[in-house]
1. Among M195, M243, what is the fewest-to-most ranking by other Cβ atoms within 10 Å?
2. Using the Kirkwood formula on the Cα atoms of segment 98-221, what hydrodynamic radius do you get, in angstrom to one decimal?
3. Using a basic spin-label model with each label point 7 Å from the Cα along Cα→Cβ, how many nm lie between T152 and V254?
4. Measuring from label point to label point, each 7 Å out along Cα→Cβ, what is the Q119 to A98 span in nm?
5. Please get the size of the charge dipole for segment 98-221, origin at its Cα centre, with Cβ charges of +1 on Lys and Arg and -1 on Asp and Glu, quoted in debye to the nearest 20.
6. Among S264, S92, which comes first, then next, by fewest other beta-carbon atoms within 10 Å?
7. Kindly state, to the nearest 0.05, the FRET efficiency for L211 paired with K85, given R0 = 30 Å and r defined as their beta-carbon distance.
8. What distance in nm lies between label points placed 7 Å from Cα along the C-beta direction at E322 and Q126?
Amino acid sequence: MEAKTESVLDAPVVAPPGTVRDMSEAESLNLGVEELFVKVDQLEQKFNEVQQFYSTSNAKHLDTRVGYLLKEKERDKFSACSFKKKQQDIASREAVAAQRMQELMRQFGTILRQLTQHQWAGPFLQPVDVVGLGLHDYMRYDVIEKPMDFSTIKCRMEAKDGTGYKNVREVCADVRLILKNAMKYNKERDDVHVMAKTLLDKFETKWLQLLPKVDEEEERRREEEADMQLDVQLAQEAAYAKMTRELCFDLDEVDAQLEELRDSVLQKCRKMTTEEKKRLGSAITRLSPEDINKAVDIIAQNDPTFQAAGETVEVDIDAQSESTLWKLKFFVKATLPLQMKSSTSTRGNNNGDNNQNCNNKRKRDVPESLAKTAQKKSKKPPN
């Protein structure tokens, strides 16, 4: 039975040579298929990008946050803002913050000049001459782990190659390092130790005067960074939400193009013979009740006057259009082999399905009428 069905359903679809309209029509169809393949590949890339974004933990929680933070109109307005514009706004904020930090650096530079101009600052202005002074143990890590001096600090404060200090606290830490290194290496009663301690006390006094401004700037910077991060996240969410909507529209468009292409192919199919119609009706009778309903839907979609309500439906298979017949053929070809495989494992349960068969009378009568009509029409002499 299965072999017989396959032999019918595998019959050539396109008309034999001499009956096709023109070779350019086939080329046009092939071109349309290739264009669809290219578009589907592009949509798949977009889909993977969107899926990757929403698979991250931040994006999962962000979707809910966006709903609470933005009203509908605000969300539409926000969606119109490009991610590039948000990046420009962030760059502008960064520039303003850098100017504020430069002002703090300038004020710290004043403190540093006062410190280096002190009469006891001499030993700390340049790197320690370890060799000249014979301080062979100075660089040992158990004594001085990181040497520092005021000239090194000045060079780093003036650096333009990205190696400079990022904030005032980094400079403050190096100033303390200079003086604490000296106090650590020299004994408490040594002159250098006393000089370093005196300068450290003066520096801490000046630093306490500048510290409130530093704290204020750091707090302001934290708030701005949090706002900028949220803006970036919202911009990304809006961009991917827009991409998702566009992806849905594009998929609908591809479906429509595919349906149009399929209709074009069906219009160019050869006419189905009477024997093929008979075998198609016979094949439909072997479909499951669920698939029979789908076959009925195919007929109804292509024939607005077809009425499928009621328990028994009479179908004149010869009255169906060629496109409808070939759609049914394609559907049966794709469905019947799978159904036959699954029916092997469920055949032993058929005895308990009598009640269900009664309820599916309408589903059973449809293919039977198709088969009977096809058989009746097949007895007519050919034209």
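1. M243, M195
2. Result for segment 98-221 stands at 15.5 Å.
3. It is 6.1 nm.
4. Label at Q119, label at A98, 4.3 nm between them.
5. Numbers: 21 positive and 20 negative charges, 48 e Å.
Using Cβ point charges on Lys, Arg, Asp and Glu, segment 98-221 gives about 240 debye.
6. With the fewest neighbours first, S264, S92 line up as S92, S264.
7. Details: r = 37 Å, r/R0 = 1.23.
In this case the efficiency is close to 0.20.
8. Result: 10.1 nm between the two label points.
Taken together, the values in this text are just the output of simple stated rules run on the coordinates, not laboratory data. None of these values were measured; they are calculated from a predicted model. For neighbour counting, all protein chains shown are included, and Cβ atoms are generated from backbone atoms with ideal geometry for every residue, glycine included.
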